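Working notes for the structure below.
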Amino acid sequence: MTEAERRSALEAVAADVRICTRCRLHEGRTRAVPGEGHPSTEVVFVGEGPGANEDREGRPFVGRAGDLLVKLLATIGWRRDEVFITNVVKCRPPENRDPEPDEIAACLPYLQRQLEILDPALIVTLGRHSLGRFRPGARIGQTHGTSAPVDPASGARDALGYALYHPAAALRSTDVERQTFDDVAGIPGALLAARARRDEEGARIAAASAPSAPSAAAVAPSALAAAPSAALAPSVISAPRLAHAPKRSPEGVEHPERGVDAVAEGASAGSRSPASSANGAADIERAAASGSATDDRLDPRADETGQLFAF
Ligand code: URA
Ligand code: SF4
């Protein structure tokens with residue numbers, strides 16, 4: 001798909017979302033919030049559902065949690081318009097309650113379509129509800145700051161998922177906030193790992209389709225560098241990359257530019273050290289857990305920001 005095709009396919013999903021009545025959440029919405037971002041990005045951020053500000057504006061993450069998300073992205077040199085940002089449910093649950101399982105199920109086809117179109121290398125899940133879509137059974141307290149392949153049934157055919165606490169949880173607890181800044185530092189490394197997986201897959205496909213069928217080992221490196229693009233999975237090489245991403249020269253050599261290049265020095269800089277992961281983990285778990293939907297309803301800030309229910 002070309003960028004223009006992706007853009008119009010995403011717009012078609014958004015148009016369906018705006019008039020959707022598949023679940024009861026449509027009754028209370030002001031505006032549905034389909035999501036937004038760069039149609040050729042490699043990275044999709046998935047939150048839980050719109051809050052009050054999002055419901056008013058029809059855009060994801062525009063309140064305090066959104067401000068924090070922008071700050072978090074800035075620490076790795078990324079901007080929100082370089083990624084795609086959306087939610088598990090596209091309409092605001094009343095009183096910022098958790099979305100019900102039947103609401104999530106009704107809305108999932110939209111997220112699936114978005115992911116099929118975007119075909120991201122990396123999905124950053126924001127909070128436990130989003131995590132649950134991509135890494136079923138995973139617990140946020142144990143998985144934040146780590147990546148794992150996502151279920152292709154999610155719509156993302158070949159992506160790594162990277163787990164973060166929800167920014168709203170970080171707004172409530174300085175421990176969670178500190179941990180989240182730490183975890184975000186691991187995102188560029190996760191993107192490199194995700195690309196490497198996809199490049200391996202591309203090389204495998206190229207090797208399999210090579211006419212003389214030499215050994216895969218002999219073909220793989222040159223296939224990556226020189227095979228005609230049609231031989232590789234199209235998105236591996238044809239999708240324009242994020243502005244910060246290493247670009248491919250005509251020879252296929254990667255030139256680190258801003259953002260991801262930091263990882264070359266230390267993919268480990270982003271991953272939690274055993275010490276920091278052990279450190280205060282129980283406290284953070286407690287702090288994150290204390291932000292239950294029940295607490296949110298009692299929290300005066302929830303009405304004001306509309307975002308505190310979700311992580
Ligand atoms: N919280 C979410 O999960 N999504 C938004 O869009 C805003 C706040
Ligand atoms: Fe439709 Fe999703 Fe909104 Fe429910 S939450 S009405 S399924 S767009």
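Taking 0.36 nm per residue of sequence separation and removing the Cα-Cα distance, the residue 81/residue 3 pair yields an extension gain of 26.6 nm.
Per 0.36 nm of contour for each residue apart, how much would the distance between residue 157 and residue 181 grow if the chain were fully extended, relative to their Cα-Cα spacing?
On the way: separation 24, 0.36 × 24 = 8.64 nm, distance 2.83 nm.
Gain on stretching residue 157 to residue 181: 5.8 nm.
Placing pseudo-labels 7 Å out from each Cα toward the beta carbon at residue 209 and residue 74 gives an inter-label distance of 4.4 nm. Highest mean packing first, where packing is the average number of other Cβ atoms within 10 Å per residue, the peptides 3-9, 29-35 line up as 29-35, 3-9.
I'd like the per residue volume of the convex hull spanned by the Cα atoms of segment 2-161, given in cubic angstrom. Working shown, then result.
Values: hull volume 17.1 nm³, N = 160.
It is 107 Å³ per residue.
A crude spin-label estimate for the pair residue 108 and residue 18, with each label 7 Å from Cα along the Cβ direction, gives 2.7 nm.
Subtracting the Cα-Cα distance of residue 67 and residue 95 from 0.36 nm times their residue separation leaves 8.0 nm of extension gain.
With Cα atoms defining each centre, segment 1-19 and segment 66-112 are spaced 17 Å apart in the structure.
Bear in mind these aren't lab numbers, they're just calculated from the coordinates by the rules spelled out. Owing to the predicted nature of the structure, the values given are computational and were not obtained by experimental measurement. Reconstructed Cβ throughout: ideal geometry from the backbone, glycine too, with neighbour counts over all protein chains shown.
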